[in-house]
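**Student:** One structure is given below, represented as structure tokens, and several questions about it will come after.
The values are calculated or read from the model by the stated rules, or taken from the named source; none is laboratory data. Computed from a predicted model, the values in this text were never measured in an experiment. FYI the Cβ positions are ideal-geometry reconstructions off the backbone, even for glycines, and counts take in every protein chain you see.
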Amino acid sequence: MNLIRVIPTLLLKGEGLVKTQQFKNPVYIGDPINAVKIFNEKEVDELVLLDITATAEKRDPKYTWIGDIVSESFMPIGYGGGVKNIEQAKKLFDTGIEKLIINTASLNNELISSLAAIYGSQSIVVCIDVRKNLLGKYQVYTNAGTEKHKISPDIMAKTVVEAGAGEIIIQSIDREGTMKGYDLDLIKMVSEIVNVPVVASGGAGTQDHLREAIQIGGASSVTAGSMFVFKGKHRGILINYPTSNDLKNLFK
Amino acid sequence: MISIIDYGAGNLGSIANMLRKLGNPGIITSSADDIAKADKLILPGVGNFDYGMSKLQQSGLIEVLNDKVLNDKIPVLGICLGAQLMTKKSEEGKLPGLGWFDAEVKKFSFPADQINLRIPHMGWNYVTVQKQTLLTKDLPEESKYYFVHSYYIHANTPEDVMLTTNYYNDFASALNHDNIYALQFHPEKSHKYGLKIFQNFLSI
């Protein structure tokens, strides 16, 4: 059997980690290296690291910092944020990341194909950010949720997989940070159309939510932010993660 | 001294860090002299087979690697693409591999109705020991490792299969032949389970 991955997503902003809600209102969480050390102890499956302001600030990823974070990690890391070309991708893989996550640059199918040819599809992940419009239709966004596109999430997923992407993170901006549960319809829409692993993102607040994304949404894996950095209804900051026994029972 | 071979296709930092944690950091090197002096080698690698093989050819290290591995028979550990490069050939590319194993690399393929079986095989999975070696000594119970690959190694010599993993079918997730060890998964990203493998490799 192939075990379901439960992946904490850490958001980098300024010098530290933050957590947002619906891509807004970043709250400071702490130091990423410290968080990685705690996640090591908890034997976390994998981490996603997203620099949420790199694209907006029109700057390169912070390679040295990413390298420092990755060096502490005995679990695989996917990095996303500000990646537009092969040179940046090379520098990032040199820091020791396992996977490159692209969002804004995912509209560039040639870039996806070139990256897949060099690093293998398994290392190239496309994160598709989605909002529901007033008519209830799903729309794809890039640039940290600021730029809207006419393409629907399922067609977007199909296109980037054909170009060479080996994994899709499907993220509901509406649910992000709300802890109210994933958008299962959205996850289903994408996981039914592609044959690469689909990671559900946006909205997880409980272990039941994680299970729903797999069993109802058809996702291969799940990622969550708030759930692994906050504890209790007052959202006190506490880095946490289910035990491997909890996870085993959860997905049984 | 352990040499971690840097031929431009690998995530070497995490391997070096795990070895450092075990108190034997080794060196990351692309120098034939360093490799000639090494008493153990690690051949890492991620990416496409032909890309990795052509990088290895361009590095000019193949001759010294063949000499150390096949003549001096020092322990060598291939990881992920590094493991696949140790075979004769791959369906992913046209270039011949190093040919240290009588094995070839094949693409996963599953019946069309198996929609839940994604390619690449990505994530944590268990291993079953088929052949006890110094590398598999005292592995923790239910050892699991991190995999990311679309192609798998098919051993033509069944005695070379050290570990198997199930992904629809059982495939060889690790091979061993004499001093040569090949791992399809990433021990450097597999917490205590990977640490144990490196510890075993250090004590060979």
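**Student:** Which fully enclosed helices (runs of 4 or more DSSP H) of region A:104-210 have 3 or more residues being of a type outside the set (S, T, Y) and over 18 Å from the mean Cα position of the chain (by Cα)?
**Tutor:** On the way: elements: A:109-119, A:153-163, A:184-191.
Because the criterion is at least 3 residues that are of a type outside the set (S, T, Y) and over 18 Å from the mean Cα position of the chain (by Cα), the helices (runs of 4 or more DSSP H) in region A:104-210 that meet it are A:109-119, A:153-163.
**Student:** Working only within region A:112-142, note down all residues that are of a type in the set (F, W, Y) and either more than 14 Å from chain B (Cβ to nearest Cβ) or more than 18 Å from B:P120 (Cβ to Cβ) (or both).
**Tutor:** A:Y138, A:Y141
**Student:** Another question, if that's okay. Given region B:125-204, what strands (runs of 3 or more DSSP E) lie entirely inside it while holding 3 or more residues that are within 29 Å of A:L247 (Cβ to Cβ) and out of contact with any helix residue (DSSP H, G or I) (no Cβ under 8 Å at 6 or more places or on another chain)? So that I can check it myself, show each step before the final result.
**Tutor:** Working: elements: B:144-149, B:151-155, B:161-167, B:169-177, B:180-183.
Ranges flagged: B:161-167, B:169-177.
**Student:** Now, a different point. Just checking, does region A:101-111 include any residue being touching a Ser or Thr at 6+ places or on another chain (Cβ under 8 Å), more than 8 Å from every other protein chain (Cβ to nearest Cβ) and crowded, with 24+ Cβ neighbours inside 10 Å? Steps first, answer last, please.
**Tutor:** Going residue by residue through region A:101-111, those that are touching a Ser or Thr at 6+ places or on another chain (Cβ under 8 Å) are A:103-104, A:106-107, A:109.
Those still in the list that are more than 8 Å from every other protein chain (Cβ to nearest Cβ) too: A:103-104, A:106-107, A:109.
Okay, now just the ones that are also crowded, with 24+ Cβ neighbours inside 10 Å, so A:103, A:106.
Yes, region A:101-111 contains a residue that is touching a Ser or Thr at 6+ places or on another chain (Cβ under 8 Å), more than 8 Å from every other protein chain (Cβ to nearest Cβ) and crowded, with 24+ Cβ neighbours inside 10 Å.
**Student:** Ok, one more. Could you pull out every one of the strands (runs of 3 or more DSSP E) wholly within region B:7-84 that has 2 or more residues that are within 23 Å of A:S73 (Cβ to Cβ) and under 13 Å from the mean Cα position of the chain (by Cα)?
**Tutor:** Numbers: elements: B:27-29, B:40-43, B:76-79.
Counting at least 2 such residues, we get B:40-43, B:76-79.
**Student:** Considering only region B:176-198, I want to know if a residue exists there that is surrounded by fewer than 18 Cβ atoms within 10 Å (Cβ to Cβ), within 12 Å of chain A (Cβ to nearest Cβ), acidic (D, E) and out of contact with any His (no Cβ under 8 Å at 6 or more places or on another chain).
**Tutor:** no
**Student:** Here is a further query. If you go through region A:79-91 one residue at a time, do you hit one that is crowded, with 24+ Cβ neighbours inside 10 Å, facing chain B (nearest Cβ under 9 Å) and under 18 Å from A:S201 (Cβ atoms)?
**Tutor:** no
**Student:** Okay, next question. Whether any residue in region A:51-62 is in contact with a Ser or Thr (Cβ under 6 Å, 6 or more places away or on another chain), more than 12 Å from every other protein chain (Cβ to nearest Cβ) and outside any strand (DSSP E or B) is what I want to check. Outline the logic, then answer.
**Tutor:** Pass one, region A:51-62, residues in contact with a Ser or Thr (Cβ under 6 Å, 6 or more places away or on another chain): A:55.
Keeping just the survivors that are more than 12 Å from every other protein chain (Cβ to nearest Cβ) gives A:55.
Imposing the further condition that a residue be outside any strand (DSSP E or B) reduces the set to A:55.
Looking through region A:51-62, at least one residue is in contact with a Ser or Thr (Cβ under 6 Å, 6 or more places away or on another chain), more than 12 Å from every other protein chain (Cβ to nearest Cβ) and outside any strand (DSSP E or B).
**Student:** Determine, yes or no, whether A:L17 is in contact with a helix residue (DSSP H, G or I) (Cβ under 7 Å, 6 or more places away or on another chain), buried (at least 17 other Cβ atoms within 10 Å of the Cβ), within 13 Å of chain B (Cβ to nearest Cβ) and touching a residue at least 40 places away in the same chain (Cβ under 8 Å). Reasoning before the result, please.
**Tutor:** Values: in contact with a helix residue (DSSP H, G or I) (Cβ under 7 Å, 6 or more places away or on another chain): yes; buried (at least 17 other Cβ atoms within 10 Å of the Cβ): yes; within 13 Å of chain B (Cβ to nearest Cβ): no; touching a residue at least 40 places away in the same chain (Cβ under 8 Å): yes.
Taking the combined requirement at face value, the residue does not satisfy it.
**Student:** Turning to a different aspect of this structure: Might you check whether a residue that is out of contact with any Ser or Thr (no Cβ under 8 Å at 6 or more places or on another chain), within 11 Å of chain A (Cβ to nearest Cβ), more than 27 Å from B:E63 (Cα to Cα) and surrounded by 13 or more Cβ atoms within 10 Å (Cβ to Cβ) occurs anywhere in region B:127-134?
**Tutor:** Step one: filter region B:127-134 for residues out of contact with any Ser or Thr (no Cβ under 8 Å at 6 or more places or on another chain), giving B:131-133.
Filter once more, so that each one left must be within 11 Å of chain A (Cβ to nearest Cβ): none.
Scanning region B:127-134 turns up no residue that is out of contact with any Ser or Thr (no Cβ under 8 Å at 6 or more places or on another chain), within 11 Å of chain A (Cβ to nearest Cβ), more than 27 Å from B:E63 (Cα to Cα) and surrounded by 13 or more Cβ atoms within 10 Å (Cβ to Cβ).
**Student:** Would you mind stating whether A:K248 is over 18 Å from the mean Cα position of the chain (by Cα), surrounded by fewer than 21 Cβ atoms within 10 Å (Cβ to Cβ), within 14 Å of chain B (Cβ to nearest Cβ) and assigned to a helix (DSSP H, G or I)? Even if it seems obvious, please write down each step before you answer.
**Tutor:** Details: over 18 Å from the mean Cα position of the chain (by Cα): yes; surrounded by fewer than 21 Cβ atoms within 10 Å (Cβ to Cβ): yes; within 14 Å of chain B (Cβ to nearest Cβ): yes; assigned to a helix (DSSP H, G or I): yes.
In short, yes.
**Student:** Which members of region A:63-94 meet the condition of being assigned to a loop (DSSP other than H, G, I, E, B), farther than 22 Å from B:N17 by Cα and touching a Leu at 6+ places or on another chain (Cβ under 8 Å)? Talk me through it step by step, then tell me what you get.
**Tutor:** As a first pass, look at region A:63-94 and keep what is assigned to a loop (DSSP other than H, G, I, E, B): A:72-76, A:81-85.
Those left that are additionally farther than 22 Å from B:N17 by Cα: A:81-85.
Answer for region A:63-94, where residues must be assigned to a loop (DSSP other than H, G, I, E, B), farther than 22 Å from B:N17 by Cα and touching a Leu at 6+ places or on another chain (Cβ under 8 Å): A:G81, A:V83, A:K84, A:N85.
**Student:** Does A:L11 count as touching a Cys at 6+ places or on another chain (Cβ under 9 Å), part of a strand (DSSP E or B) and either at pLDDT 95 or above or of a type in the set (F, W, Y) (or both)?
**Tutor:** Details: touching a Cys at 6+ places or on another chain (Cβ under 9 Å): no; part of a strand (DSSP E or B): yes; either at pLDDT 95 or above or of a type in the set (F, W, Y) (or both): yes.
So A:L11 fails the test.
**Student:** Keeping to region B:125-164, report how many residues are over 21 Å from B:N179 (Cα atoms), free of Cβ contacts under 8 Å to residues at least 24 places away in the same chain and in contact with a strand residue (DSSP E or B) (Cβ under 9 Å, 6 or more places away or on another chain).
**Tutor:** Matching residues across region B:125-164 total 1.
**Student:** Looking at the structure I just gave you, is A:I97 under 29 Å from B:K21 (Cβ atoms) and of a type in the set (A, V, I, L, M, F, W, C)? Step through it out loud before you land on a result.
**Tutor:** On the way: under 29 Å from B:K21 (Cβ atoms): yes; of a type in the set (A, V, I, L, M, F, W, C): yes.
Here the answer is yes, as A:I97 does meet what is asked.
**Student:** B:G99 passes all but one of (1) more than 24 Å from B:T133 (Cβ to Cβ); (2) away from chain A (no Cβ under 14 Å); which number fails?
**Tutor:** (1)
**Student:** Then there is this: All but one of (1) away from chain A (no Cβ under 12 Å); (2) surrounded by fewer than 19 Cβ atoms within 10 Å (Cβ to Cβ); (3) among the polar types (S, T, N, Q) hold for B:Q114; state the number of the condition that does not hold.
**Tutor:** For B:Q114, the failing item is (1).
**Student:** Take region A:222-245 and flag every residue that is part of a helix (DSSP H, G or I) and surrounded by 13 or more Cβ atoms within 10 Å (Cβ to Cβ). Quick ask: steps written out before the conclusion?
**Tutor:** Within region A:222-245, the first condition is being part of a helix (DSSP H, G or I), and the residues that meet it are A:226-229, A:244-245.
Across region A:222-245, the qualifying residues are A:S226, A:M227, A:F228, A:V229, A:S244.
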